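Structure, as structure tokens:
Bear in mind that the values in this text are calculations on the coordinates, not laboratory data. None of these values were measured; they are calculated from a predicted model. Cβ: placed from backbone, ideal geometry, glycine included. Neighbour counts: every protein chain shown.
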Amino acid sequence: SAKQGRNSEYQAILPLRGKVLNVEKASLDKALGNKEILSLITALGTGIGEEFDGTKARYHKIVIMTDADVDGAHIRTLLLTFFFRYMRGLIELGYIYIAQPPLYKVQQGRKIEYLYDERSLEATLEEMGGRPQIQRYKGLGEMNPEQLWETTMDPERRTLLQVSLTDAMDADKVFNMLMGEEVEPRKNFIQENAAKATNIDA
């Protein structure tokens, strides 16, 4: 849908199949041997680590698009960890963004609203009155190319979050705690956050 919905004059799509390699536990050699990671490095053109050169970046707006669920959050965190570890300059330059796809589509007659949280949904339903049609999107795959363009890819209408170095450091810290070798910090973190469990990188 994303490839069909994009504007091919200035937008490129790099599909990643399944979850990206966990670079927290992988050596650099293993990371470079991973097809998804290698595709990403090749597409961006900057090199990695000590050889990173931000002036060679082929794109100045790199948008992470994942589903708004736990799996999507995990993939997002894996990618942020990769960028933080090997292409930190892209974050420092302000080139990394996270797409914010809507959770709901509300339609009444010809009027269509795309909404991003339950509070907006409740307010819109109250404002519309009557019995509008409500669709909840469980993933990007449920949108057709036109809807994906309207909500997530159109520069005039989409909502993007720019990733700061602090965001990436926080994601890396949490990810290291959850996926690293130290058991005790992970156990403590899970116990402390179990009661208020949400998507960690939301």
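Treating only the Cβ atoms of Lys and Arg (+1) and Asp and Glu (-1) as charged, compute the dipole magnitude of region 1-95 about its Cα centre; round to the nearest 20 debye.
Details: 13 positive and 11 negative charges, 38 e Å.
Dipole about the Cα centre, nearest 20: 180 debye.
Between region 46-67 and region 10-39, the C-alpha centres lie 13 angstrom from each other. Look at the dipole of region 1-106 built from charges on Cβ: of P15, I62, T77, the Cα furthest out on the positive end belongs to P15.
Note on R157 and R131: their simple-model spin labels are 2.7 nm apart, each label 7 Å out from Cα toward Cβ.
What trypsin sites (Lys or Arg not before Pro) does region 13-84 have in DSSP loop regions with at most 12 other beta carbons within 10 Å? Don't skip to the end; give the middle numbers.
Values: sites: R17, K19, K25, K30, K35, K56, R58, K61, R76; in loops: R17, K19, K25, R58, K61.
Hits after loop and neighbour filter: R17, K19, K25, R58.
Taking amide H atoms as placed 1.01 Å from N in the peptide plane, the amide H of I96 lies under 5 Å from those of I62, V163, each 5 or more residues away in sequence or on another chain. The Cα center of region 135-176 and the Cα center of region 78-99 differ in position by 14 Å.
For K111 and R58, the difference between the fully extended length at 0.36 nm per residue and the C-alpha to C-alpha distance is 15.2 nm. As a calculated quantity, the FRET efficiency between S8 and N176 at R0 = 41 Å, using C-beta atoms, amounts to about 0.60.
Please compare each pair in K35/K56; K56/K105; K35/K61; K111/K138; K56/K138; K35/K173 to a cut-off of 28 Å on the Cα-Cα distance and tell me which ones are over it.
Details: K35/K56 21 Å; K56/K105 39 Å; K35/K61 22 Å; K111/K138 22 Å; K56/K138 36 Å; K35/K173 25 Å.
Where the Cα-Cα span goes over 28 Å, the pairs concerned are K56/K105; K56/K138.
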